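Input: a single structure, listed below in structure tokens.
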Amino acid sequence: MTCNRCGKCCKSKTLLEQCTPEEEELFRSIYKSLGKDIENTICKNLYYIVGLAACKIYKDRPDFCQQYYCNKAQEIEISTQLKETD
């Protein structure tokens, strides 16, 4: 799957979309205990290079980051495949 490096996956609200209800409850309680708003938090390891998202700990990122399923990446891949068949 092609990644367009938009950084959406590094935003907590996006990660919540991938969680089970139990995981979401856990994340919300952790963020609340830290005094953070889970709806508007961005990963501290996200940074941008010439407008492209990058991760400071990419090789060692947590499992939930590695397993994140990005619909946007799938849309790009399908679009690319369609262009190749034209």
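Every number here is computed from the coordinates shown, using simple stated rules; none is lab data. Since this is a predicted model, take the numbers as computed values, not measurements. Ideal geometry is used to build each Cβ from the backbone, glycine not excepted, and the neighbour counts take in all protein chains shown.
Descriptive notes on the structure:
- Restricting segment 27-36 to residues that are surrounded by 11 or more Cβ atoms within 10 Å (Cβ to Cβ) and of a type outside the set (Ser, Thr, Tyr), the residue that is nearest to residue 59 (Cα to Cα) is 27.
- Pair list, Cβ under 9 Å, 6 or more apart: segment 4-19 residue under 14 Å from residue 64 (Cβ atoms), other residue of a type outside the set (A, V, I, L, M) and part of a strand (DSSP E or B): 10/55
- Within segment 39-54, residues that are surrounded by 12 or more Cβ atoms within 10 Å (Cβ to Cβ) reach partners that are among the polar types (S, T, N, Q) with beta carbons closer than 6 Å, at six or more positions or on different chains, in the pairs 41/12.
- Residue in segment 1-20 that is over 14 Å from the mean Cα position of the chain (by Cα) and not in a loop (DSSP other than H, G, I, E, B) present: no
- Output for segment 35-51, where each listed residue is part of a loop (DSSP other than H, G, I, E, B) and farther than 23 Å from residue 67 by Cβ: 35, 37, 50, 51
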